[in-house]
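Just below is one structure, and these are the notes that go with it.
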Amino acid sequence: MNVAIIDYGSGNLRSAAKAFEQAVSELGGGTVQLTKDPDGLRNFSHIVLPGVGAFSDCMTRLSATDGLIESLQEQVFIKAKPFLGICVGMQLMADVGREHGETDGFGWIPGEVISISPHNRNIKVPHMGWNDLQIIDSTHPLLRDLPEGAHTYFVHSYHFVTKDERHVLATVNYGKPLTAIVGRDNLIGTQFHPEKSQRTGLRIIKNFLGWRP
Amino acid sequence: MLKTRIIPCLDVNNGRVVKGINFVDLVDAGDPVEQAMIYDSAGADELCFLDITASHENRSTIVEVVAKTAEKCFMPLTVGGGVRTVEDVRTLLIAGADKVSINTAAIKNPKLINDAASKFGSQCVVVAIDAKLVNKSYRIFTHGGRKETGISAIEWAKNAEASGAGEILLTSMDRDGTKMGFDLELTRSVSDAVSIPLIASGGVGTLDHLAEGVTRGHASAVLAASIFHFGLYNISEAKAYMEKVGVAVRPIEII
């Protein structure tokens, strides 16, 4: 397997790459490459889009490389390669993000990304730390071998509200249920950071790498 | 539900871990990367590196420590000490830090919080506050606790939040290194004044101190150094104790 990690200056890039390298080596081999070359994307079997920071800022930086978003559309949406979006990389699959104004997303999974805005002052934002996943679709290959109540590491102030609830594979409780994992066809997105979620995170990454949608 | 984080803090001096007693009297306690790996496998929820000499000395050693740690430990990592510019924040994030804590430089130039938050997101900007009781009110200190500013800790925390900080790391100068427990009044008054998470720090000597930081201090996370470094307690004992007194923590992973 050849894993492309899209390099657009995201802060968690190196951590994501290291976690994927670890997962690949535990699976017996393959390559992990950081890339922003639109033409080169066709040579990879799996595509990962990391992302931290603001939705609009991430979209701007992705757009700064000519042809990158178009190439992602082609490889992921048309050629249906397994795709994993992490944190803002997951949120970018929405139609629209409402952080710092209104920004169009890829529109791969219908819905919008909005502020968590809790009513209760005891609920601090960002939602930061370890929270247990409420798995809705336990048959999905991404969630294979995860123990009941597995915890993953979250850090976000905005969340993905999908139009179709069937696109939510897991939620997390933080004052209300928030989307933790979205998915449809060959697309997966995690609001949490698998690259920072210790063994549980590596398990999810390995499941993604073994997935043949 | 979201769990209370237990965060061991490694004070790093020239690439080596040292213990902190009132910010002086340092004793070498080992290699940071090795210690990080031990805490990773022990189930720590996050790690904190504090480069304590960074204000005066060469900082490149901490970047190397972060980069090596991020290769081995797949857990959240906060790094602070001597962070002065947006470029410093970027260097640490790229090396593998998830959050960067800013102390002195943010007080001198509050716009730094805003600049870092708008570049990299609030989620990675931690404002570290060193506070001490002066004439019955909590005041903040800079330069590793050596310089008094006269600024109120509570007001500064609110400012930091308004400027875009995603978290507060609050250290009681009075309690740091004393093993007498957190300054709960300080912790609670700052935590209640902001709507971002707060990490309590300074003074942990027993497991009950950790729990009190949450139950009475209203902290979202608790940080401790020497009780873990010198084997007084381990992470799993800390978690078992917290669970017993009703503070929800993440169980140690079993996969």
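The values are calculated or read from the model by the stated rules, or taken from the named source; none is laboratory data. On a predicted model such as this, the values are computed, not experimentally measured, just so you know. When we count neighbours, we look across all protein chains shown, and the Cβ atoms used for this are built from the backbone with ideal geometry, even at glycine. The area values use the complete protein model at the heavy-atom level, side chains included, leaving out ligands, DNA and RNA. Shrake-Rupley method; radii C 1.70, N 1.55, O 1.52, S 1.80 Å.
Think of a 1.4 Å ball rolled over the protein heavy atoms: chain A then has 37 Å² of accessible area per residue.
By the Cβ distance rule of under 4.7 Å, chain B has these cysteines without a partner: B:73, B:124.
Estimated from the Cβ-Cβ distance and a Förster radius of 60 angstrom, the FRET efficiency linking residue B:148 and residue B:253 is about 0.85. Residues in the stretch A:51-75 near a label at residue A:43, defined as backbone nitrogen under 20 Å from the 7 Å Cα→Cβ point? Counting backbone N atoms under 20 Å from the label point, the list is A:65-75.
At 7 Å along Cα-to-Cβ for each site, give me the label-to-label distance between residue A:73 and residue B:240 in nm. Roughly 5.8 nm, to one decimal. Averaged over peptide A:10-23, the number of partner chain Cβ atoms lying within 10 Å of each residue's Cβ comes to 5. Averaged over peptide B:97-104, the number of partner chain Cβ atoms lying within 10 Å of each residue's Cβ comes to 2. Note on residue B:147: lysines with a C-alpha under 16 Å away, same-chain residues under 8 apart excluded, are B:108, B:132. Shape call for the protein assembly as shown from the C-alpha gyration tensor, a ≥ b ≥ c root eigenvalues: rounded (a/c under 1.5), prolate (a/b greater than b/c) or oblate? Prolate, because a/c is 1.5 or more and a/b exceeds b/c. Over all residues in B:192-205, what is the mean tally of Cβ atoms on other chains that come within 10 Å of each residue's Cβ? Per-residue shielding by partner chains comes out at 2. Residues within the reach of a label modelled at residue A:185 (point 7 angstrom out along Cα to beta-carbon, backbone nitrogen below 16 Å), restricted to the stretch A:65-105, are A:70-85, A:93-95. The stretch A:173-211 and the stretch B:96-169 have Cα centres spaced 32 Å apart. A DSSP coil position with no more than 13 other Cβ atoms inside 10 Å describes the following trypsin sites (Lys or Arg not before Pro) in the stretch B:123-200: B:136, B:146. Charge tally for residue B:181 (other residues, Cβ to Cβ under 9 Å; Lys, Arg +1; Asp, Glu -1): -1. Loop-located trypsin sites (Lys or Arg not before Pro) in the stretch A:43-134 (DSSP state not H, G, I, E or B) with no more than 14 neighbouring Cβ atoms inside 10 Å: A:79, A:121. Note on the protein assembly as shown: helix-only mean residue ellipticity at 222 nm, from DSSP H runs of 4+ residues weighted -39500 (n - 2.57) and normalised by residue number, equals -8500 deg cm²/dmol. For the pair residue B:158 and residue B:60, a Förster radius of 30 Å applied to the C-beta separation gives a FRET efficiency near 0.30, rounded to the nearest 0.05. Note that the stretch A:123-140 has calculated 3J(HN,Hα) couplings of 8, 7, 10, x, 6, 10, x, 9, 9, 8, 6, 9, 7, 9, 10, 6, 8, 5 Hz, one per residue in order, obtained from phi through the Karplus relation 6.51 cos²θ - 1.76 cosθ + 1.60 (θ = phi - 60°); glycine and proline are x. Relative contact order of chain B: 18 percent, from C-alpha pairs under 8 Å at least 6 residues apart in sequence. Within the stretch A:2-210, antiparallel bridges make up roughly 60 percent of the DSSP beta bridges whose residues both belong there.
Distance from the alpha carbon centroid of the stretch B:179-208 to that of the stretch A:33-95 works out to 41 angstrom. Mind listing which chymotrypsin sites (Phe, Trp or Tyr not before Pro) in the stretch B:161-255 are in a DSSP loop and have 13 or fewer other Cβ atoms within 10 Å? When the chymotrypsin sites (Phe, Trp or Tyr not before Pro) of the stretch B:161-255 are filtered for loop state and at most 13 Cβ neighbours within 10 Å, B:230 remain. Within the shell defined by Cβ-Cβ distances under 11 Å, the residues around residue A:95 carry a net charge of -1, with Lys and Arg each +1 and Asp and Glu each -1. Using a cut-off of 18 Å between Cα atoms, the listed pairs A:18/B:119; A:18/A:206; A:196/B:119; B:158/B:179; A:124/B:111; A:124/A:176 include A:18/B:119; A:196/B:119; B:158/B:179; A:124/B:111 as exceeding that distance.
Of all DSSP beta bridges confined to chain B, the antiparallel ones make up roughly 30%.
Multiplying the residue separation of residue A:199 and residue A:173 by 0.36 nm and subtracting their alpha-carbon distance yields 7.2 nm. Electrostatic tally near residue A:142: other residues with Cβ closer than 13 Å to its Cβ, Lys and Arg +1, Asp and Glu -1, net +2. Summarising the strand pairing of the protein assembly as shown, around 45 percent of its internal DSSP beta bridges are antiparallel.
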